[in-house]
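Enquirer: I have a structure here, written as C-alpha cells, and I will follow up with some questions on it.
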Number of protein chains: 2
Amino acid sequence: AAVPKDVDYAQYFCTYAFLYHQKEMLSDRVRMDAYFNAIFENKRHFAGKTVLDVGTGSGILAIWSAQAGARKVYAVEATKMSEHARALVKANNLQDVVEVIEGSMEEVTLPEKVDVIVSEWMGYFLLRESMFDSVIHARDRWLKQTGVMYPSHARMWMAPIKTGIGDHKLGDYESTMDDWHNFVDETKTYYGVDMTVLSVRELEEQSEKYINTSLWNNLHPNQVVGTAAIIKEIDCLTATQTDIEKVRSNFSLSITHENTKLCGFGGWFDVHFRGRSEDPTEQEIELTTAPSVDYGTHWGQQVFLLHPPMHLSEGDDLRVSFLMSRSKENHRLMEVELGCEIHQQSGKLLAPFKNKYYIE
Amino acid sequence: AAVPKDVDYAQYFCTYAFLYHQKEMLSDRVRMDAYFNAIFENKRHFAGKTVLDVGTGSGILAIWSAQAGARKVYAVEATKMSEHARALVKANNLQDVVEVIEGSMEEVTLPEKVDVIVSEWMGYFLLRESMFDSVIHARDRWLKQTGVMYPSHARMWMAPIKTGIGDHKLGDYESTMDDWHNFVDETKTYYGVDMTVLSVRELEEQSEKYINTSLWNNLHPNQVVGTAAIIKEIDCLTATQTDIEKVRSNFSLSITHENTKLCGFGGWFDVHFRGRSEDPTEQEIELTTAPSVDYGTHWGQQVFLLHPPMHLSEGDDLRVSFLMSRSKENHRLMEVELGCEIHQQSGKLLAPFKNKYYIE
Ligand SMILES: Nc1ncnc2c1ncn2[C@@H]1O[C@H](CSCC[C@H](N)C(=O)O)[C@@H](O)[C@H]1O
Ligand SMILES: Nc1ncnc2c1ncn2[C@@H]1O[C@H](CSCC[C@H](N)C(=O)O)[C@@H](O)[C@H]1O
C-alpha cells in the first residue's frame with residue numbers, strides 16, 4: 001500500500017525542514033567524523049566523479065564530496081531545507097559543482113547516472129524511518145554498473161543489558177494506573193458515569209507506552225552483561241526492498257557477567273565504508289553506535305525492557321528469535337517480536353518468553 | 001482549499017484516539033461541572049428530545065444527555081474512540097438511547113433532525129483546532145428551526161499581563177543562539193564548511209519558537225495588570241464560517257496597576273449555556289477559562305510575550321488592533337497580528353509596535 005505523499009510529509013519529513021533538527025545531526029561528532037574521513041581519506045572515489053547525495057538536508061555530504069574533487073554532485077532533498085542547502089553551497093562557492101534538487105528521490109530525474117551514492121539514511125536501530133527504501137530506489141535507477149555506495153555495509157546488533165530505567169518506567173506505569181482508578185471512582189461519584197469498562201483499554205494504552213515501547217538510551221559499556229550478536233547484515237550495493245522490510249533472525253547471546261540481572265536488550269547498528277569489492281576504499285571507515293563511554297551518538301541505543309528482570313550468571317545462554325516488521329499505521333515505525341529461551345549453565349531451562357515492542 | 005482527510009487525521013484527530021487525552025479533558029473539573037450543570041439543571045431541553053453530540057470522544061456528553069431524559073442521542077466521533085464510547089454507553093445501559101456513529105461530522109447522515117446540539121469544541125484561545133467549523137456544519141444540516149445549541153454563546157478575551165516567563169524564554173533563545181554560533185565555528189574548524197549563511201534562518205527559526213509562539217500558562221489573577229476586553233462574541237446559533245475564519249478586533253485596555261510592567265498579553269475564552277432566546281435555560285451556566293486561583297482549566301490562557309517589557313502605570317491606555325487568522329500550513333493552527341499604541345496618562349504617546357505570533 002503506497003503512502004499518500006502529504007501524510008508522509010506530515011508524519012515524517014516535516015521535522016527535517018527545521019534547521020535545529022539538521023543541527024542535531026551536524027553536531028554528532030562521531031557521525032560527522034565517519035563521513036568526513038570516509039570521503040576525504042578516499043578521495044580517489046570522488047575526484048572527477050559524479051555523485052548523488054540522497055537526502056542532502058543541509059547539504060553537508062554533497063559539499064564534502066565536491067571538496068573532495070567531484071566533477072558533479074546531485075543533492076536531492078524532499079523538504080524546504082533544500083533552499084538552505086543551496087545557500088550553503090553558494091556561500092562555500094561550490095554552486096558550479098553541487099546541484100541541489102528539491103523533490104523526493106523517488107520522483108526526481110537526474111541528467112545522468114552517477115559513480116557514487118552517498119547518503120546518511122540511518123534511523124534509530126538502523127531501519128527506523130525506512131529511508132533506506134529511497135536509497136535502494138536511487139541506486140537501482142541512478143547508480144552506474146560500476147558505482148560505489150557510501151556507506152557500503154550496515155549491521156544491526158543486539159546484546160543483553162542491565163539498566164535501572166525499567167524500574168522507573170514500571171513506576172510511571174503503576175502511578176498512571178492508580179491515577180486512572182481514582183479517576184474512575186471520582187467520575188462515578190461526581191458525574192454519575194461508570195468508566196470501569198474502559199480500564200482494560202487504558203491498561204493496554206499505558207502498558208504499550210511504558211512497557212512495550214523501546215526506549216532511547218545511551219548505555220554504558222558495562223551495562224552490557226553478555227555477548228553481542230549481529231541480527232542482520234546489509235550489503236548496500238545489493239540489498240533489496242524485501243531484504244529489509246522484515247528482519248527475521250535467530251541468534252544466541254551468552255551472559256558474561258557473574259551474578260547479574262538481565263533487564264532487557266540493547267539494540268544498535270554500525271555501518272562501514274568499504275567501497276566496492278573490485279574497487280575498495282584505501283581506508284575502511286566504521287561508524288558505530290554501540291555503547292561507548294566517549295563516543296555516544298545521537299542515535300544512542302534502543303532498549304527493549306524485560307519485566308521483571310531475571311537473575312542470571314556467567315555462561316547462561318539466551319536463544320533469541322527476533323522479528324522486526326513495519327507498523328501498519330506508519331511504515332516508518334517498527335514493531336518487534338522478541339522471543340527468548342534461556343539455557344542456564346546449570347542445565348536448567350527457564351520458562352521461555354515472547355514480548356512485543358514498538359519502536360516509535 | 002480543502003484539507004485531505006488523512007493529513008488532517010495525522011495532524012489533528014490522531015491524538016483524540018488515545019484515552020489519556022480524553023481523560024485529560026474528563027479530569028478538568030471546571031469543564032465537567034459546567035457541562036454537567038448545563039445539562040442537568042436544564043433537563044427540560046433534553047427530556048424526550050433528540051440530541052446530537054458533535055465529537056463525542058468518550059461519549060460523556062451523550063451519556064449525560066440520555067441520563068437527562070433524551071429520547072435519542074446521536075453521538076458522532078471521527079476516531080476509533082467511538083468504540084470506547086459505544087462500550088461506555090453499553091456499560092451504563094443506555095444503548096437504546098445513545099447511538100454512537102463513527103465518522104466525521106461532515107460526512108455522516110442522521111435519520112432525523114435534532115432538537116439540541118451539544119458539543120465541546122473549544123480549543124486553546126477558543127478557536128484553535130477550528131473544530132467549531134464542524135459544529136456550524138452540523139447545525140446548518142441537522143438542527144431543527146427551533147433547536148438549541150449547548151453552549152449557546154462564546155467569547156474571546158484579552159488583557160495586559162506581567163510574567164516572568166518572557167525572561168526565561170529570552171534566555172533560552174539567547175543560549176540557543178550562542179550554541180549555534182559555537183557550532184558554526186566548530187564546523188568551520190573541524191569540517192571545513194562555513195555555515196554562517198544559515199545563521200539568519202536559525203535566528204528566524206529560534207525566535208519563531210521562543211519569542212513569537214504564544215505560550216500555554218495558568219496565570220494568577222494578580223498577573224493581570226489592567227482591564228480585560230472582549231475580542232469577539234459568537235452566537236453559536238447564527239455564527240457563520242466567515243465570522244470565525246478571521247477574527248479582527250480593535251479594543252482598548254487600561255492599566256490598573258501602579259508602576260507595573262507590561263510583559264505581554266493573556267488571551268482566554270468563556271462560553272455560556274443560555275438556550276435559545278425564545279426558549280432560554282432556567283439556569284444560565286458559564287464556563288470560563290479566565291485567570292483564577294482556584295479554578296484553572298486544561299485550557300489555561302495563551303500568553304503573547306512582549307520583548308522587552310514596558311514600564312507602565314495606572315491609567316495608561318493601550319489601543320490594540322488584533323487580527324487572528326488560520327495558518328496556511330495547517331488550518332487548525334492560528335496566526336495573530338497584534339498592534340498596539342500606548343497613550344500614557346501623562347499625555348505621552350509611546351512608539352507603537354506590531355508583533356506577529358503563532359498559536360501552535
Ligand atoms: N525519499 C527522499 N527524498 C528526498 N529526501 C529525503 C528522502 N527521504 C529522506 N530525505 C531527507 O534526507 C535527510 C536525512 S537526514 C541527513 C541529512 C544530511 N545528508 C546529513 O548527513 O546531515 C532529511 O533531510 C530528509 O528530509
Ligand atoms: N468533524 C468531526 N467529526 C467527528 N468528530 C470530531 C470532529 N472534530 C472533532 N471531533 C472529535 O471531537 C472530540 C473533541 S474533544 C471532546 C470530547 C467529548 N465530547 C468531551 O466533552 O469529553 C474529539 O474526540 C475529536 O476526535
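The values are calculated or read from the model by the stated rules, or taken from the named source; none is laboratory data. Because the structure is predicted, anything quoted here is derived from the model rather than measured. Glycine also receives a Cβ, built like all others from the backbone with ideal geometry; neighbour counts cover every protein chain displayed.
Enquirer: Failed condition for B:Ala228, given (1) out of contact with any strand residue (DSSP E or B) (no Cβ under 7 Å at 6 or more places or on another chain); (2) of a type in the set (A, V, I, L, M); (3) more than 30 Å from A:Ile60 (Cβ to Cβ), with all others met?
Expert: (1)
Enquirer: Then there's this: With respect to the numbered conditions (1) buried (at least 22 other Cβ atoms within 10 Å of the Cβ); (2) more than 9 Å from chain B (Cβ to nearest Cβ); (3) more than 17 Å from the chain's Cα centre (by Cα), which one is the sole condition not fulfilled by A:Gly55?
Expert: A:Gly55 satisfies every listed condition except (3).
Enquirer: Is at least one residue of segment A:207-220 within 7 Å of chain B (Cβ to nearest Cβ) and out of contact with any Cys (no Cβ under 8 Å at 6 or more places or on another chain)?
Expert: Scanning segment A:207-220 turns up no residue that is within 7 Å of chain B (Cβ to nearest Cβ) and out of contact with any Cys (no Cβ under 8 Å at 6 or more places or on another chain).
Enquirer: Do any residues in segment A:181-204 that are among the β-branched types (Val, Ile, Thr) have Cβ atoms under 7 Å from those of residues that are part of a loop (DSSP other than H, G, I, E, B), where the two are at least six apart or on different chains, and which pairs are they?
Expert: A:Val184/A:Met195; A:Thr187/A:Val193; A:Thr187/A:Met195; A:Val193/B:Asn92
Enquirer: Please give the strands (runs of 3 or more DSSP E) falling wholly within segment B:300-360 in which 1 or more residues are touching a residue at least 12 places away in the same chain (Cβ under 8 Å) and farther than 17 Å from B:Leu262 by Cβ.
Expert: B:317-326, B:334-343, B:349-359
Enquirer: Return the pair list, or none, for Cβ contacts closer than 9 Å from residues in segment A:16-27 that are within 9 Å of chain B (Cβ to nearest Cβ) and assigned to a helix (DSSP H, G or I) to residues that are more than 8 Å from ligand 1 (Cβ to nearest atom) and hydroxyl-bearing (Ser, Thr, Tyr), at least 6 apart or on different chains.
Expert: Within 9 Å, the pairs are A:Tyr20/B:Thr176; A:Leu26/B:Thr187; A:Leu26/B:Tyr191.
Enquirer: Limited to segment B:184-195, what total is found for residues that are out of contact with any Lys or Arg (no Cβ under 6 Å at 6 or more places or on another chain) and either facing another protein chain (nearest Cβ under 7 Å) or surrounded by 15 or more Cβ atoms within 10 Å (Cβ to Cβ) (or both)?
Expert: 7
Enquirer: Right, another one. Condition first: surrounded by 20 or more Cβ atoms within 10 Å (Cβ to Cβ), touching a Cys at 6+ places or on another chain (Cβ under 8 Å) and at pLDDT 95 or above. Can you find one or more residues in segment B:307-314 that meet it?
Expert: No, segment B:307-314 has no match at all.
Enquirer: Please indicate, with yes or no, whether at least one residue in segment B:134-144 is surrounded by 18 or more Cβ atoms within 10 Å (Cβ to Cβ), within 29 Å of B:Ala78 (Cβ to Cβ), at pLDDT 95 or above and touching a helix residue (DSSP H, G or I) at 6+ places or on another chain (Cβ under 7 Å).
Expert: yes
Enquirer: Applying the selection to segment A:15-27, what residues are surrounded by fewer than 16 Cβ atoms within 10 Å (Cβ to Cβ) and among the charged types (D, E, K, R)?
Expert: If the condition is that a residue be surrounded by fewer than 16 Cβ atoms within 10 Å (Cβ to Cβ) and among the charged types (D, E, K, R), then A:Glu24 is the only one that fits.
Enquirer: In contact with a Leu (Cβ under 7 Å, 6 or more places away or on another chain), hydroxyl-bearing (Ser, Thr, Tyr) and in contact (Cβ under 8 Å) with a residue 24 or more places away in the chain - does that describe any residue in segment B:255-268?
Expert: yes
Enquirer: Moving to a separate point now. Of everything in segment A:67-104 that's among the aliphatic types (A, V, I, L, M) and surrounded by fewer than 24 Cβ atoms within 10 Å (Cβ to Cβ), which residue is farthest from the other protein chains (Cβ to nearest Cβ)?
Expert: Looking at residues that are among the aliphatic types (A, V, I, L, M) and surrounded by fewer than 24 Cβ atoms within 10 Å (Cβ to Cβ), I get A:Ile101.
Enquirer: Now, a different point. Does segment B:191-199 contain at least one residue that is in contact with a His (Cβ under 6 Å, 6 or more places away or on another chain) and within 30 Å of A:Asn92 (Cα to Cα)?
Expert: yes
Enquirer: How many residues are facing chain A (nearest Cβ under 10 Å) and surrounded by 13 or more Cβ atoms within 10 Å (Cβ to Cβ) when one looks only at segment B:166-183?
Expert: Matching residues across segment B:166-183 total 4.
Enquirer: Now for a different question. Taking the stated definitions as given, is A:Lys43 within 14 Å of chain B (Cβ to nearest Cβ), more than 15 Å from ligand 1 (Cβ to nearest atom) and of a type outside the set (Val, Ile, Thr)?
Expert: So A:Lys43 fits the description; yes.
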